[in-house]
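Worksheet: one structure, shown below.
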Amino acid sequence: MDERSISTMSRIVLVVQNIVQVSEFYRDVLQLKPIFDPKVAPLEWVEFNTGPCRIALQVATQVDGVPSTYNSIVFYAEDVVATRAELLSRGAPMGETEDVGDFQQCQGQDPEGNKFLISNRPALSYPTP
């Protein structure tokens, strides 16, 4: 059994300006199967089935009139609070734990400012059509 608190990458989140165009690229050109059909789902978040680690597209949000464009890697952690504390003790810069619907998440960053999330939302939480 793996004793690490972070052992699985569940998704890579790409922040995009035009989610319809980028969704069509991943669906039509790369032929990945969308978890949420961009034709009927809210056009703020779309995931593509790529196996155990999914690709997620998220619409860029505006901060002071400038769209955010950072991407992030999401790691699964069963206990986000405990994992956050462990990462803080090892010197990782970590934000506060957030409750988002039925799951928790916490953002961190590496020494060059690349964002990552720890979340207890597993990649397999959505059924594929």
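Any read-out appearing in this document is the output of simple, stated calculations on the displayed coordinates, not a laboratory observation. Since the model is a prediction, treat every value here as computed from it, not as a measurement.
In order along the stretch 16-22, the phi-based Karplus estimate (6.51 cos²θ - 1.76 cosθ + 1.60, θ = phi - 60°) of 3J(HN,Hα) comes to 10, 7, 10, 5, 5, 4, 5 Hz; Gly and Pro are listed as x. With contacts defined as alpha carbon pairs under 8 Å and 6 or more residues apart, what's the relative contact order of the stretch 8-125 in percent? Relative contact order comes out at 26 percent. The 3J(HN,Hα) values that the Karplus relation (6.51, -1.76, 1.60; θ = phi - 60°) gives for the stretch 76-84 are, in residue order, 7, 9, 4, 10, 5, 4, 5, 5, 4 Hz. Gly and Pro appear as x.
Roughly speaking, what is the stretch gain from Q109 to M9, that is 0.36 nm per residue apart minus the C-alpha to C-alpha distance, in nm to one decimal?
Contour length minus the Cα-Cα distance gives 34.5 nm.
Taken over the stretch 8-125, the alpha-carbon convex hull comes to 123 cubic angstrom per residue.
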